[in-house]
Amino acid sequence: MFSAGSNEIKRMKATIQERLFWWVGIPALAGVLIALGVLQYRWSGEVSDATRAQMQSGLQTSLFGFRQDLARELGAACLELRPSGDVTRRLLPSEFSQQFQHWQQTAAHPSLVAQVYVWRNASGSAQLLRLDPNQNQLQPTQWPPAFSQLRQHLEAMPIAAVRIVGRTPHHHADRTSGETPRRLADPFLPWFVDQSIPALAYPWRQHPVSGDGSSFPAVTWIIVQLNPTALEKEVFPELTQKYFRGDYKVAVLTGTGTEPPLYSSAAGFGETKDAAYDAGVNLFGPPFRRNDPLRPGPEFFAAGGRASPPPGSRTQADDRRPRLEPFPYSAEQGVWQLVVKHQRGSVEAVVNALRRRHLIASFGVLVLLAVTMAMVLIASQRARRLAGLQMNFVAGVSHELRTPLAVISSAAENIAHGVVSDPEQLARYSASILKQTRQLTQLVEQVLLFASTQQKMGQYQLRPIDVTQVIDAALEDTAGIVAAAEVKVERTIEPDLPAVAADFAALSQCLQNLITNAVKYGGDHHWIGIRGVAQREGGQIRSVQITVEDKGIGISPQEIKHIFEPFYRSPEVAGSNVHGTGLGLPLARTVIEAMRGSLTVESEPGRGSSFTIHLTVAAGLRSPDLETASAPIPGETAGLYPS
């Protein structure tokens, strides 16, 4: 009684621990995984924001690098073509031609300059001169049609030019001679850019209209006409490769909205009006205009981005490079604008794709972690459950061994000490010893059989077996157990059953296990039934079924899926007076499956159970005497196989 109560307390503790594990441990682990998933999602968002800001910052740096290098390329031509020395001295065509030829010999793109002109915007002397480097002359020429707008605005520039030049330092007048000081060309004066031609214009020299200099001065302009083909085929492609390396599509737009792009690195890019771009910058003048949609937003500056050349760059450090400024009438003409867009759609699309890849990878790791945790939990639960089953097996085997040993020991002592001397009593004692010895032998054989199945394959000789003979042999071997329990056996065998493919001894042992279980768990009905019937398909017998049933306690649906596991015994049975090791059904199922059959069960609590062996007929065996079947090594919860 004390032992049963102690076992019940242990089972209750184990049940409570298992429930705590499933109701507390599993949700806690799930919460950890969910928290990791949330953190991964937030982290990926922060990484995406940082990546977006970094790409935009790098893109702006590349845009300004493109703009600065273009200005540096044009500025080199400006430095060479700007006359030096006294602005009052007459411009010598030979010197001017030599400067132009020197630039062509040293320039990276000598075809960048198409023509050089000189023009003085004074009334009565508005003739345009073109530099002829072959003859070292400035030859009169007509204004090209494309220069009409440029001429109109140059004629309106004297006052502006005077104001610009007037801010430059002058030589002091010679107080003794009273002569008017000579004004030198200012190296800091800008070169004005006409982006419609394109051309560069420089106010090199101013001339007083009257002798006293009281009237507004006239200005001599140097006009450098650029070659659009050289820009499109040489300069822009080199700068694009240098700063964007094929990651972005690049276009230089005229800004008018009606003309095709001046340059495009990809076919069709920049031709669509109001197209969306990743970034852009004006190539001349202010980098961005007010309300420019390509101007970086506040978040770009908050992330550390710059919308102007970084301090200490070569542009700011090189004070000798000429400034390039658009004409004041730039609003009337197109402004060259450098626009870029990522090859894979946009910077946003690239960042989103990168984030998706990060999320897939991170959540894949989390899923793998969750699967690993689940496998570890399931394995630990199985190991714990198997350990409990093994402990119950040891306890059950010990109990099963102790009972026959006690009977044998008591009977042997009585015989040895002469307590029993009557021949009838001796015969009864001998029969009891023999019975307990057989029971003990059967138990030991089961344990040894289980041990052998863990080490090697079991093989059975499949021969044509008569079902009636094997059933009769099993009933004969269990006759003592059946008679002692006063159980009635109802035997029903369909006539003319075909032979089945099986091993006679192994099949007989399986039937004995099933009959023994039916006797043990048959309850108060004291009845078991054995049936042998044929299973037909399409009018032909495909298999034979041998069923052993009882009207006992039955098996619950929760327990029926565990009864074929080694060492398993339901708590109700383990707490009763019915003894066992939990090896009979696993061994029976394993043996049947090794003989290419199957063992199924149907049960209802309180109404009994029926176990059915399904065996194939022997008609398909090619060599009955040599045909063998092997039993694989079982897994943790698989059936057990005899050797």
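The values are calculated or read from the model by the stated rules, or taken from the named source; none is laboratory data. Just so it is clear, the model here is predicted, and its values are computed rather than measured. All accessible areas refer to the heavy atoms of the entire protein, side chains included, with ligands and DNA or RNA removed. Shrake-Rupley method; radii C 1.70, N 1.55, O 1.52, S 1.80 Å.
Ranked from largest, the principal axis spans of the Cα set of region 18-99 equal 106, 19, 9 Å.
Just so you know, the averaged projected area of the alpha carbon convex hull for region 396-439 sits at 2.8 nm². In this structure ASP49 has an accessible area near 90 Å², from a 1.4 Å probe over the protein heavy atoms.
Each of LEU354, LEU368 has its accessible area taken with a 1.4 Å probe; listed largest first, they run LEU368, LEU354. Among the listed pairs LYS242/LYS341; LYS488/LYS561; LYS242/LYS273, those with a Cα-Cα distance over 21 Å are LYS488/LYS561; LYS242/LYS273. Ligands, DNA and RNA excluded, the heavy atoms of ILE26 present near 50 Å² of accessible surface to a 1.4 Å solvent probe. Solvent-accessible surface of protein heavy atoms, probed at 1.4 angstrom with all chains present, puts LEU448, LEU359 in the order LEU448, LEU359, largest first.
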